[in-house]
Amino acid sequence: MTTTPQRPLPSGFSSTSTTDEVIKGIDLTGKTAIVTGGYGGIGLATVRTLHDAGAQVIVPARNTEGARAALKDLDGVRVEQLDLVEPASVDAFADRFLAEGRPLHLLINNAGVMATPLTRDARGNELQFAVNHLGHFRLATRLWPALAAAGAAGAAGAADRTGGARVIALSSRGHRYSPIVFDDLNFEHRTYEPFLAYGQSKTANSLFAVELDRRGRAEGIRAFAVHPGAILDTDLTRHLSDDALRAAGVVDVDGRRVLSNGLHVKTVEQGAATTVWCATSPALDGLGGVYCEDCDISPVMTAEELAASDRPLDGPGVLPFAVDQDAATRLWDVSEQLM
């Protein structure tokens, strides 16, 4: 197993850092960003921060009416139709963007679903794997010419401060629930468990960043996987029953959702901070293919350390299988066949 160089910098930021803190002093004028799921929760906080720093932001959404309502106070943010589970919709969005002839500096794959009942897309792919990974995989590969254009301009030291292209894949500490089970990706032979499927999709997000970075770095395209942290003020838990939430350690106190195990619960601005840091920080120039959390590159957590923990989601760190180069290359090849 060959893993990526997972070593904290350190960055000077922490789990409580906010988007405003990590973007301070960074000017995104002249840059274009696409943020999937950018109309709620940490996606909306990400869009707001990039917009306020001067970027032109495009938000692809399945529910365009709802997205426009959520983004109405952000002048210049565009909403475009996109359904990640429909290949034709992904291709149509990519074709529209490429027709504009502009470089794409930031692609932030923020949209996702969690712990859904067993559902399959029209091609038979399990829904969490299809939405969280395959849809974003197709989107990135279709937008590659625009990413490469930004990468080439950055490598040439263009006067518009493009700085190359970065792709951010929203993963999760939930990757610890499951590696990629290549011989049964879609739960055709094993019993379906929502969090196993979620974990596999989040491992896929991390491996996607590893392999995209390997393939793109010569063209000035770098990629990072992000664990945003525990943020309860989003709709990601909409498929979970009250019993499932309690089993996951989420309890209600004074009308608020909190974690019973004492883990730090982030605000949406804190949750979006690692995404914004990975997308914009000059400290990451020349780096990529790593898994990040709390506004820094994560350390590696060994299987022994995980086994010794009473709570599998406690403590920072990425498991080796989520940053394994061989698995990342294999997943890319499989994804090309499945997407």
query: Counting Lys +1, Arg +1, Asp -1, Glu -1, what net charge surrounds Gln81 among other residues with beta carbon under 13 Å of its beta carbon?
result: -2
field: Length-normalised contact order of the chain in % [C-alpha pairs under 8 Å, at least 6 apart]
entry: 24
- line: Counted neighbours (other Cβ, 10 Å), sorted fewest up, put Tyr291, Tyr192 in the order Tyr192, Tyr291
task: Take the chain, connect every pair of alpha-carbon atoms lying under 10 Å apart with a spring to form a Gaussian network, then pick out the residue of Leu28, Leu106, Leu84 with the largest mean-square fluctuation.
output: Leu28
- prompt: Which ³J(HN,Hα) values in Hz, rounded to whole numbers, follow from the phi angles of the stretch 210-223 under the Karplus curve 6.51 cos²θ - 1.76 cosθ + 1.60, where θ = phi - 60° and Gly and Pro get x?
  reply: 4, 6, 4, 5, 4, 6, x, 4, 5, 9, x, 10, 10, 9
- request: Along Cα→Cβ, 7 Å out, is where each label goes; now give me the distance between the ones at Ala218 and Thr64 in nm to one decimal.
  value: 3.8
- prompt: Between Ala53 and residues 5 or more places away or on another chain, which pairs have amide H atoms under 5 Å apart, with H built 1.01 Å from N, and which residues are they?
  reply: none
- request: Just grab the label-to-label distance for Ala308 and Arg123, each label 7 Å out from Cα along the Cβ direction, in nm (one decimal).
  value: 4.2
field: Sorted by Cβ neighbour density within 10 Å, fewest at the top, the residues His133, His189, His227
entry: His189, His227, His133
- prompt: Arranged by the count of other C-beta atoms within 10 angstrom, fewest first, what order do Ser178, Ser14, Ser201 take?
  reply: Ser14, Ser178, Ser201
message: Counting only other residues whose beta carbon sits under 14 Å from that of Met1, what net charge do I get with K and R as +1, D and E as -1?
response: -1
task: Convert 20 °C to kelvin, take the viscosity as 1.002 mPa s, use the Kirkwood radius over C-alpha pairs of the stretch 1-137 as Rh, and evaluate the Stokes-Einstein diffusion coefficient in µm²/s, rounded to a whole number.
output: 129
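Would you mind estimating how fast the stretch 111-155 diffuses translationally, via Stokes-Einstein at 4 °C and 1.567 mPa s with the Kirkwood radius over Cα pairs, in µm²/s?
107
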field: Within-15-Å neighbourhood charge of Glu188 [Cβ basis; K, R +1; D, E -1]
entry: -2
- prompt: Binning every alpha carbon pair distance of the stretch 63-219 at 10 Å from zero, what are the percents per bin?
  reply: 10, 34, 34, 18, 4, 0
- request: Kindly state, to the nearest 0.05, the FRET efficiency for Glu80 paired with Thr29, given R0 = 25 Å and r defined as their beta-carbon distance.
  value: 0.70
From phi via Karplus (6.51, -1.76, 1.60), per-residue ³J(HN,Hα) for the stretch 123-129 in Hz, x at Gly/Pro: 9, x, 7, 4, 4, 5, 5
- line: Note, the stretch 5-13: 3J(HN,Hα) by Karplus (6.51, -1.76, 1.60, θ = phi - 60°), whole Hz, Gly/Pro = x, goes x, 8, 10, x, 5, x, 8, x, 9
- request: Of all alpha-carbon pairs in the chain, indicate the percentage at a distance above 39 angstrom.
  value: 7
query: For the stretch 58-103, max minus min Cα coordinate along each principal axis, in Å, sorted largest first?
result: 28, 25, 11
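Read-outs: derived from the displayed coordinates by stated rules, not from any lab. All of these numbers come straight from a predicted model, not from anything done at the bench. Neighbour counts are summed over all protein chains in view; Cβ atoms, including those assigned to glycine, are modelled from backbone coordinates with ideal geometry.
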